[in-house]
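No value in this document is a laboratory result; all are computed from the given coordinates. This one's a predicted model, so the numbers in the text were calculated from it and none came from an experiment. Note that each Cβ is placed from the backbone with ideal geometry, even for glycine, and that neighbours are counted across all protein chains shown.
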Amino acid sequence: MSAREMAISTAAGPARWSRVVIYGLLIVFALFYLTPLFVMLSTSFKTLDEIRSGNILALPAHPTADAWGKAWGSACIGVTCEGIKGYFWNSIKMVVPAVLISTVLGALNGYVLTKWRFPGHRIVFGMMLFACFIPFQSVLIPMARVLGILGLSNTTAGLVMVHVVYGLGFTTLFFRNYYDTFPTELIQSAQMDGAGFFTIFRRILLPSSAPIIVVTVIYQFTNIWNDFLFGVSFASGGSSPMTVALNNLVSSSTGVKEYNVDMAAAVIAALPTLIVYIVAGRYFMRGLMAGAIKG
Amino acid sequence: MSVSPAPSLGKRLQDWLPRIVLAPSLALVLVFVYGFIVWTAVLSMSTSRLLPVYRWAGFDAYERLFNQPNWYVALKNLAIFGSIYIVVCIAIGLFLAILLDQKIRIEGVLRPIYLYPMALSFVVTGTAWKWFLNPGMGFEHAVRVITGWDTFRFDWITRPDMAIYTVAIAGIWQASGFVMAMFLAGLRGIDSEMLKAATVDGASTFTIYRRIVIPLLRPAFLSAVIVLAHMAIKSYDLVIALTGGGPGNATELPSTFMYSYTFTRSQMAVGSASAMVMLMGIAAIMVPYLYSELKEKNR
């Protein structure tokens, strides 16, 4: 019997009422979490007139997708008025290679750190692990200098490099913890048969790595897509990622404040990670939990 | 791995292959993390202003940092924001986890609703809450229109004395569902035999939770505090998107202080010094935690 069953059996008499209260509380909290999303969505489908005359909790009376079109294609960000579409693609071009490279490197590192241990492997892992948690402010200035020297300032390639470097710790952590539980005997017998380093990885570990690959890809995708600090520090202007463009759009103080366009842009910026969450929430959670180390 | 009597070149290469594969990653981390931290430390002891200058100035920048009223505002705000954020996230998280653990039929619907904010970028969260908290057009206005309560006020975001609490509200909205999930995982891992014994002894549900279940959740509490403290110190995007550090400097945090002193106020040495202080704060929390986690695992 679990704690929950007990709660029911011990409160046999007034059980009905306590159930009502519990459900009521849970639903109130659900509303608290849903309201900002509802407000964002409903505002994005309203006209500016309706926003001024109505209230934010009301549904749009005459839903229109004009604000979405403007946010995507013609809203002014800085000096250009081409909407956020360019920045959206910047983010895609940044996320895809950064996720792939950091995941591949993490898988190989995890493999070496569990199945090909060498003296000092624990220190190496410890150093990579601590690297996950540093405040990035402490590497910001040197990184800006190095990107400048390499000619990668304000480029997507530069951001890819930054995200690979600072994502390595987490991807290595994920794969290391996963491969740690993988039976070493299998690898030893493959070695007896003359299989080499890469053959063992490709034939034995990789085929059973699907779950951890999904977790890692989702975790990296969400983190890199949502990053703001690196984007704003190293890629201002035309090569900005989506989050930086959104902030520029919302905080610009010229002209009429178009709240509906702001909200449409915010939803567009949130959409990729939200979709990933809806499609693969289970794996998303696993990544978050593993990122919190305990496990 | 093994050492044979007269290894050929190919064999020796095979032996070194794992280390060769790991080497690039290790080199990247050594240079870009640890090397850069040393570099920032050097800058924090230099006379750098607009650009890096490598002239030794000792702890001059640290002295200037701790003579900045603005830095104290940032530290005070971090203390207010951080403590509210951690305490309320844990309170809500634990409360929701316990409620959800009462055999709730719609748990599968509710859990993702509590958790989705964690998938959003802080910039999106900040943008949404900035609009929601807008006094003239947001929640305040809506309450006045709907209830007719014309003097209802909720203008914290524009008030220097209250704005930091709006940052906490938005942060709690984003992270409390995640804390709930951590506690729920802890609750589901508790041995039910022990609880059964307690029920047989006639303990009430409340007593069981207070005396047995919550003490057993200690590891989850520890993880939650560590994760939340770490996120609080690093918080940057949320403040920028929600209040931009304002009104005035009312919501300045160490992270925003570092950025503006380094990149807009041309006080690079002071900015570097503030970054080093942040790093030390994080290290004080994370190093003992990671150390104990690693030790535990290798037992």
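Counting beta carbons within 10 Å around each of B:PHE66, A:PHE175 and listing the fewest first gives the order B:PHE66, A:PHE175. Which listed residue (B:VAL21, B:MET286, B:VAL239) has the Cα farthest towards the positive end of the charge dipole for chain B, taking +1 on Lys and Arg C-beta and -1 on Asp and Glu C-beta about the Cα centre? Towards the positive end, the residue furthest out is B:VAL21. Checking every one of the trypsin sites (Lys or Arg not before Pro) in segment B:50-132 against DSSP loop status and a limit of 15 other Cβ atoms within 10 Å picks out B:ARG55, B:LYS103, B:ARG105.
Exposure proxy for A:VAL96, A:VAL250, B:VAL38, A:VAL256: other Cβ atoms within 10 Å of each Cβ, ordered fewest to most, give A:VAL256, B:VAL38, A:VAL96, A:VAL250. Across q = 0.17 Å⁻¹, segment A:22-145 modelled as identical point scatterers on its alpha-carbon atoms has Debye log10 I(q)/I(0) values of -1.02, in the order of the q list. Taking amide H atoms as placed 1.01 Å from N in the peptide plane, the amide H of B:SER46 lies under 5 Å from those of B:ALA57, each 5 or more residues away in sequence or on another chain. Model label points for A:SER251 and B:LEU216, set 7 angstrom from Cα along the Cα-to-Cβ axis, are 4.7 nm apart. Taking trypsin sites (Lys or Arg not before Pro) across segment B:142-201, the ones in a DSSP loop with at most 11 further Cβ atoms lying within 10 angstrom of their Cβ are B:ARG153. Here segment B:251-276 is scanned for amide nitrogen atoms under 15 Å from the site 7 Å beyond the Cα of B:LEU50 along Cα-to-Cβ, giving B:262-269. Binning the C-alpha pair distances of segment B:111-153 at 10 Å intervals from 0 yields a P(r) profile of 27, 34, 29, 11 %, listed from the shortest bin outward. Applying a threshold of 30 Å to the alpha-carbon distances of A:LYS70/B:LYS234; B:LYS130/B:LYS234; A:LYS93/B:LYS295 flags A:LYS70/B:LYS234; A:LYS93/B:LYS295 as lying beyond it. Residue separation of B:ALA27 and B:ALA41 scaled by 0.36 nm, minus their Cα-Cα distance, works out to 3.1 nm of gained length. Modelled label positions at B:ALA284 and A:SER208, each set 7 Å beyond Cα in the direction of Cβ, lie 4.5 nm from each other. What the phi angles of segment B:184-192 give under the Karplus curve with 6.51, -1.76 and 1.60, with θ = phi - 60°, is a coupling list of 4, 4, x, 4, 6, x, 7, 5, 6 Hz, glycine and proline written as x.
Per residue of B:104-116, other chain Cβ atoms within 10 Å of the residue Cβ number 5 on average. Projected label points at A:THR184 and B:TYR34, each 7 Å from Cα along the beta carbon direction, are separated by 2.5 nanometres. Under 18 Å from a label point 7 Å along Cα→Cβ of A:THR35: give me every residue in segment B:116-142 with its amide N that close. Inside the label zone: B:116-118, B:125-142.
Stokes-Einstein diffusion of chain B at 4 °C, 1.567 mPa s viscosity, Kirkwood radius from Cα pairs, rounded to a whole number: 56 µm²/s.
For chain A, taking a cut-off of 4.7 Å between Cβ atoms, the unpaired cysteines are A:CYS132.
For chain B, set up a GNM with springs between Cα atoms under 10 Å and report which of B:ASP15, B:ASP237, B:ASP201 has the largest fluctuation. The residue that fluctuates most here is B:ASP15.
Restricting the calculation to alpha carbons of the protein assembly as shown gives Rg and Dmax of 25.8, 91 angstrom. Sorting B:ILE37, A:ILE51, A:ILE275 by the number of Cβ atoms found within 10 Å of their own Cβ, with the fewest placed first, yields A:ILE275, B:ILE37, A:ILE51.
Rounded to the nearest 500, the 222 nm mean residue ellipticity of the protein assembly as shown from helices alone is -22000 deg cm²/dmol, with -39,500 (n - 2.57) taken per DSSP H run of at least 4 residues.
Within 10 Å of the Cβ of each residue in B:45-52, the mean number of Cβ atoms contributed by other protein chains is 1. Straight-line cross-link reach from B:LYS196 at under 26 Å between alpha-carbon atoms covers these lysines, not counting any fewer than eight positions away in the same chain: B:LYS103.
Centroid-to-centroid, using Cα positions, segment B:45-88 and segment A:98-120 are 36 Å apart. Among the helices of chain A, those built from whole DSSP H runs whose Cα atoms reach 27 Å or more along their own axis and whose mean Kyte-Doolittle hydropathy is at least -0.5 are A:15-44, A:85-115, A:156-180, A:259-291.
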